[in-house]
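This report concerns only the one structure given below.
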Amino acid sequence: MSVRLDKVSKVFLDPSRPEGSVTAVDRVDLEVREGEFVTLLGPSGCGKTTTLRIISGFEAPTRGDVFISGERVNDQPPNKRDTSMVFQSYAIFPHMSVEQNVGFGLELKGRPKAEVREETARIMNVMGLTALAKRRPDQLSGGQQQRVALARAVINKPSVLLFDEPLSNLDAKLRDQMRLEIRRIQQSFGITSIYVTHDQIEAMTVSDRIVVMEGGRVMQIGTPFEVYSRPANRFVADFIGRVNFFPVTDASFSEEGLDADYRGVRIRAGSRNGDIREGGAAVVAVRPESLRLEPESGSAARFLRGRIDKAVYLGAVVEYEIDAGLDRPVMAVSHDPVVAGFFRVGDGVSLSFPPAAAHALAPEAVP
Amino acid sequence: MTDRAIGASLGEIRRLVRDPLLAFVVAAVLAALAVFILYPLASVIIVSLRPDGRWTLEIFRHVVSNPYLLQGFRNSILMGVLTAVIGTGIGFLFAFAVTRADVPFKRILHAVAIIPIVSPPFIGALAIIMLFGNNGFITWNLLRIRNFPIYGFTGLMIAQAVTFFPVAYLTLRGVLESINPTLEDAALDLGGSRFRVFRRVTLPLAMPGIASSMLVLFIETLADFGNPLILAGSRFPILSVQAYLQITGMYDLPTGAALSVLLLVPSVTAWVIQKYWVSRKRYVTITGKPTISSVKIVSPAVRSLIFAACLAVTAFILLIYASILWGALAKVWGSDNTPTLRHFLYVFGVGFKAVRDTLTIAGLSTPASGLLGMVIAFLVIRKSFPGRKFMEFTSMLSFAVPGTVIGIGYILAFNKPPLVLTGTLLILLLNFVFRYVPVGIESGVAILQQIDPAIEEAAVDLGADARTTFSRVTLPMIVPAYFSGLVFAFVRAMTAISAAIFLVSSRWNLMTVQIMAQVESGRLGAAAAFSVILVLIIFGAIFLIRALLKARYGRYGGSMLKF
Ligand SMILES: Nc1ncnc2c1ncn2[C@@H]1O[C@H](COP(=O)(O)OP(=O)(O)OP(=O)(O)O)[C@@H](O)[C@H]1O
Ligand SMILES: [Mg+2]
């Protein structure tokens, strides 16, 4: 079932602030299609949890409308909405066994005891919880609790599954594993899912599409490729992964993309986004792994020269910081150092990039 | 009010209108608090200011010009301050010994520090008379001293220190437990000497707890009635007893009321300081998991010293209980020590009505008070409605109001229409319910704050409505806390005297009041036998509730009820 937010805003009264209120969610438009896995990604306090709670019904939007399967649900309380939430703290009922926790949703629906038992057993089997059925929640590990929370949420066959940073309490290894498990469960049941995280790797690996948020507003909605390689603005480019920004002037558009002046050299970016005017200023974003480093030869006209300031050898890659006389060092990553060789601190290098790897953006950070 | 604030309370009102059950409960609780807590208090203050229909300060002028009454005020404050300091000192010693010093027999020390909390608060005074009084075992039987000056300051000081240090112990143990010992280890590691680490790290971290404990002890000592009634004597008058004597001996209600107002002022002041200032200064929450302590903060010599001091206090407390037990079994205390059961026979014969009445009153009032406490805790923590702050303040106020004041308030407020209750069972029940409601509220608040609201939201999310969520999720989670709150409320109801002594009648009497009467007429054996039975009943009840909780809720329930 689809979920649609139409210009949804949420304002909280907050007497501790001088203005007396805080806009946690600001005119958010979002459409999640049936069976899709969408992630809300953004820094702490950007309104992810609030958005999720508006969809589940725990917060009422101050303005705007929420639709689930095309039906406006603004006035439906959470217990009447066909959504299930996996809470960050798991919120497992401490006075019930694993089995009772998992079956609680069906029980509330008044299903016959036998059916509840059967269905609970089935779901616990799928989730690998069968051996733990009689345990109390305080006898479970973090990963097991997480699975109980997930099982409890999916047993009702909700139209929409909501996750609020469900993995933040787990250690790194378990996190990788659970991430795949969540994706597997979601795909096998085909449940429309909205997932909140502030971990970009997590977002990239599980999502069909990512919604990048900042200050209560949606910065970009797109596939992992789009938000990483074709970011809508500087905030998105910077928040997801590392990036070098090169400010350019005198932009001109062509078939191949955008050409502009960078410190006297004409450079080309293969794609662009945002409000850039012909003849005006822009910013060209290049990811560190797309920058090519070559020994300084003196002859070839490269767009930038510099000196290696820092080289960190990580085995698979070498990370460089290059002093090119700019106000920030340029970041570059080179792969497969065994074959490609590597530079040492103090070496002079010249930098280039293929136009396809460069993306032009409007100069201001956030529109 | 700003527009926004008005908007917010409009929102609250709208929510109430949409939820009539909530609106009804809120209104009923607020009304009950007003009638059974504020109205009696107001009555006391009004009678002291308007003894015969016109406003005047005459009564207070009379009190202030009477050196004997004024002496009572000074003595009360003095005892309050000294007990706060000494009691907190001993409490800290025990808490430090148990949590930090790694002394032997920790469990026994803990048990010894707990026993006085679950005993009648005047058992110390009774035992002191039996040990050091005119026929005292130590002063007379052993040392042959006649008229050892135990009545007055010395005796009362000892009795109150013994009675109230356990309260400090419980608070400070929680505080010390929650200070991560690795902080001390870190300071030692930085090269601090043990004493410096104690002074610069441990003590400052425990300071808010110490301050809070002192204020609580000050309040409880001011309100103490049983110990001074037995021990203070006429040369060392104490305010709470004076107020009682003004009313029961001289039938002077206005003066009694004025004295109790004098009692009320410092006590409520201390409470407000503790509630709104000191308790906010806590560096640490009391709940944290105790980390395994490496306990290097105490050197072996200091450990022995601490242990010796704890042993001395322990020995004295055991002596108190031994003498009570022995006194209950001796034919005539001090002169004829042949064992006899006649005091117990007396309790189960002539005195049994008081036992039955006490059990009835405590048995009825405790569950009601616990339930009210849970409801208030739930409303205050989980709901927002107009009057929430007022509800919180008023319901907790009983803790700060000395029993004497509230007792006088009840006879003033409920001896005339519209509510004539004096002499009935109901007045005692109401008094007990509202007086001990803070106990239930505190345990309710503690548990609700530990329960992640997301757990209740999870139930709603799965399709439960408000009532199902409360009954299937919230209630089962707070029931263990309800019962552990009940234990304390029951103990306090069983051992109550300061307010109840004004409200008993020939129809409804209490064991505590009986014990006082026996002491006053010199029948220490009967008093001791009553006390033994009282303590046994309380212990029995505690074990019963514990066993029930364990059986019903397993580990989850058993762990809730710890002392
Ligand atoms: N009940 C509330 N009352 C007042 N302000 C609130 C409330 N809930 C959230 N806020 C504020 O709204 C903003 C967004 O909060 P939200 O919890 O949605 O952020 P988030 O993106 O989930 O952050 P995090 O990653 O830290 O969980 C924050 O500034 C927060 O302080
Ligand atoms: Mg959040």
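Observations on the model:
- Solvent exposure, largest accessible area first (probe 1.4 Å, DNA, RNA and ligands not counted), of B:Y244, B:Y410: B:Y244, B:Y410
- Each Lys or Arg adds one and each Asp or Glu subtracts one; over the other residues with Cβ under 9 Å from the Cβ of A:E321, this totals -2.
- Signed unit charges on C-beta, dipole axis of chain B, positive-most listed residue B:F165, B:S304, B:F96: B:S304
- Rounded if a/c under 1.5, otherwise prolate or oblate - the stretch B:57-340, Cα gyration tensor axes: oblate
- Checking the Cα-Cα distances for A:K7/B:K383; A:K48/B:K550; A:K10/B:K383; A:K80/A:K113; A:K48/A:K173 against a 32 Å cut-off, the pairs over it are A:K48/B:K550.
- Potential lengthening between B:Q450 and B:A551 on full extension [0.36 nm per residue; Cα-Cα distance subtracted]: 34.1 nm
- Estimated purely from DSSP H runs of n ≥ 4, each contributing -39500 (n - 2.57), the mean residue ellipticity at 222 nm for chain B is -23000 deg cm²/dmol once divided by its residues.
- With both labels modelled 7 Å from their Cα along Cα-to-Cβ, the A:E364 to B:K389 distance reads 4.1 nm.
- A protection proxy built from the mean count of other Cβ atoms within 10 Å ranks the segments B:80-86, A:28-34, most packed first, as B:80-86, A:28-34.
- In loop segments of the stretch A:129-189 as defined by DSSP, the trypsin sites (Lys or Arg not before Pro) with at most 12 further C-beta atoms inside 10 Å of their C-beta are A:K134.
- Where both bridge residues fall in chain A, DSSP classifies roughly 75% of the beta bridges as antiparallel.
- Ranked by solvent-accessible area (1.4 Å probe, protein heavy atoms only, all chains present), the residues A:K113, B:K275 order from largest to smallest as A:K113, B:K275.
- Rounded Å value of the spacing that divides the Cα centres of the stretch B:120-165 and the stretch A:312-367: 86
- Farthest positive-ward along the stretch B:10-127 dipole, Cα basis, beta-carbon charges - from B:V112, B:P67, B:L78: B:V112
- Sparsely packed loop sites in the stretch B:447-531 (the trypsin sites (Lys or Arg not before Pro) outside DSSP H, G, I, E and B with at most 11 other Cβ atoms within 10 Å) comprise B:R507.
- If the chain linking B:R382 and B:L57 were pulled fully straight, counting 0.36 nm for each residue of separation and taking away their Cα-Cα distance, it would gain 112.6 nm.
- Placing unit charges on the Cβ atoms of the charged side chains and taking the dipole of the stretch A:1-150 about its Cα centre, the candidate lying farthest along the positive direction among A:V8, A:G42, A:V126 is A:V126.
- Put a dot 7 Å past the Cα of B:R144, heading toward its Cβ, do the same for A:D347, and the two dots end up 10.6 nm apart.
- For the stretch B:343-457, the square roots of the Cα gyration tensor eigenvalues, ordered a ≥ b ≥ c, give a/c of at least 1.5 with a/b no greater than b/c, which places it in the oblate category.
- Of the trypsin sites (Lys or Arg not before Pro) found in the stretch B:69-168, those that fall in a DSSP loop while having at most 14 other beta-carbon atoms within 10 Å are B:R144, B:R146.
- Inter-part distance where the stretch A:128-149 and the stretch A:224-274 are each reduced to a Cα centre, Å: 48
- Inter-chain neighbour count for A:7-15: the average number of beta-carbon atoms from partner chains within 10 Å of each residue's beta-carbon is 1.
- Full-extension gain in nm, A:R63 to A:D29, via 0.36 nm per residue minus C-alpha separation: 11.1 nm
- Cα gyration tensor shape for the protein assembly as shown, rounded if a/c is under 1.5, else prolate or oblate: prolate
- Taking the DSSP bridge list for the protein assembly as shown and keeping only pairs wholly inside it, about 75 percent are antiparallel.
- Protection proxy ranking for A:75-85, A:114-124, using the average of other Cβ atoms within 10 Å per residue and placing the highest first: A:75-85, A:114-124.
- The amide H of A:F343, built 1.01 Å from its N in the peptide plane, has no neighbour under 5 Å, considering only residues 5 or more places off or on other chains.
- Computed about the Cα centre, the dipole magnitude for chain B is approximately 500 debye when only Lys and Arg (+1) and Asp and Glu (-1) carry charge, each at its Cβ.
- Magnitude of the charge dipole, the stretch B:57-340, Cβ model with Lys/Arg +1 and Asp/Glu -1, debye to 20: 640
- Across the stretch B:466-479, computed HN-Hα scalar couplings (Karplus, 6.51 cos²θ - 1.76 cosθ + 1.60, θ = phi - 60°) run 4, 5, 4, 4, 5, 7, 8, 10, 4, 4, x, 6, 9, 4 Hz from first to last residue, x flagging Gly and Pro.
- Rounded to the nearest 500, the 222 nm mean residue ellipticity of chain A from helices alone is -7000 deg cm²/dmol, with -39,500 (n - 2.57) taken per DSSP H run of at least 4 residues.
- Within the protein assembly as shown: Cβ-based charge dipole about Cα centre, in debye rounded to nearest 20 (Lys, Arg +1; Asp, Glu -1): 3400
- Between A:E226 and A:E278, the simple spin-label model (points 7 angstrom out along Cα→Cβ) gives 2.7 nm.
The values are calculated or read from the model by the stated rules, or taken from the named source; none is laboratory data. Since this is a predicted model, take the numbers as computed values, not measurements. Don't worry about glycine lacking a Cβ; one is built from the backbone with ideal geometry, like all the others, and counts go over all protein chains shown. We work out accessible area using only protein heavy atoms, side chains counted, and drop any ligands, DNA or RNA first. Shrake-Rupley method; radii C 1.70, N 1.55, O 1.52, S 1.80 Å.
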